[in-house]
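Please read the structure below before turning to the comments.
The values are calculated or read from the model by the stated rules, or taken from the named source; none is laboratory data. Please read these numbers as outputs of a predicted model, since none were measured by experiment. For neighbour counting, all protein chains shown are included, and Cβ atoms are generated from backbone atoms with ideal geometry for every residue, glycine included. For accessibility, only protein heavy atoms count, side chains too; no ligands or nucleic acids. Shrake-Rupley method; radii C 1.70, N 1.55, O 1.52, S 1.80 Å.
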Amino acid sequence: MKVRTVSEEYLLVMKLMAGRKYKNDLSDVVGILIEQKEREKTLSLEDVKRAATELYGSYEALPKDSKEFTEAVFQISDLRSFYRQCRNSEIENRTILLDFDKVYPEVLNQDNLDEILSTVREKKSLI
């Protein structure tokens, strides 16, 4: 029996390509970076760009939000704290989307997800 695995940088890039703000994609990216640092196998932005190019033809193939997230995360010194922030945000986003779907069934889709999250979060901040 063969067991296939994927390298850390490939897994990280696949998470970035999905870039789901309501699942564990972004916190997983941070978690991978933390784990690699602890193993003294720190990944660099160049490693991520190379893996993106190998998997998707170019780093530019990643969604704009994911590229911005990636470039920002490499500037953060306290990744553990940032991990918790990402995870909390993902949990809140999931709750927002589930609540929205209960009120407006069959409206939510992949194309309007970010817009709905942004609108609901904006309205919450006004309250």
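Tabulated data for the structure shown
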read-out	value
Residue count for the range 99-123, restricted to those that are farther than 25 Å from Lys64 by Cα and open to solvent by 70 Å² or more (accessible area, probe 1.4 Å)	6
Residue under evaluation Ile76, criteria (1) open to solvent by less than 60 Å² (accessible area, probe 1.4 Å); (2) under 14 Å from Asp25 (Cβ atoms); (3) among the aliphatic types (A, V, I, L, M), criterion not met	(2)
Any pair with Cβ under 8 angstrom, 6 or more apart, that starts in the range 22-39 at a residue that is without any contact (Cβ under 8 Å) to a residue 60 or more places away in the chain and over 30 Å from Phe100 (Cα atoms) and ends at one that is among the aliphatic types (A, V, I, L, M) and open to solvent by 50 Å² or more (accessible area, probe 1.4 Å)	Ile32/Leu11
Pairs where the first residue, in the range 73-87, is charged (D, E, K, R) and the second is at pLDDT 95 or above and part of a helix (DSSP H, G or I), C-beta under 8 Å, 6+ apart	Arg80/Ile34; Arg87/Ser27
Sole residue being surrounded by 14 or more Cβ atoms within 10 Å (Cβ to Cβ), farther than 30 Å from Asn109 by Cβ and out of contact with any strand residue (DSSP E or B) (no Cβ under 7 Å at 6 or more places or on another chain), chosen from Leu43, Leu26, Leu12	Leu43
Matching residues in the range 78-127 - criterion: being among the β-branched types (Val, Ile, Thr) and in a helix (DSSP H, G or I)	Ile91, Thr95, Ile96, Val103, Ile116, Thr119, Val120
Candidate set: the range 1-39, residues that are within 10 Å of the chain's Cα centre (by Cα) and among the basic types (Lys, Arg); chosen: the one farthest from Lys49 (Cα to Cα)	Lys23
Lone unmet requirement of (1) in contact (Cβ under 8 Å) with a residue 60 or more places away in the chain; (2) at positive phi for Gly57	(1)
Some residue of the range 31-38 being open to solvent by 50 Å² or more (accessible area, probe 1.4 Å), touching a Leu at 6+ places or on another chain (Cβ under 8 Å) and closer than 29 Å to Thr95 by Cα	no
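Residues are listed down the side, and each one gets a yes or a no for (1) modelled with pLDDT under 95; (2) touching a Phe, Trp or Tyr at 6+ places or on another chain (Cβ under 7 Å); (3) more than 24 Å from Thr119 (Cα to Cα); (4) acidic (Asp, Glu):
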residue	(1), (2), (3), (4)
Leu33	no, no, yes, no
Glu68	no, no, no, yes
Arg84	no, no, no, no
Asp99	yes, no, no, yes
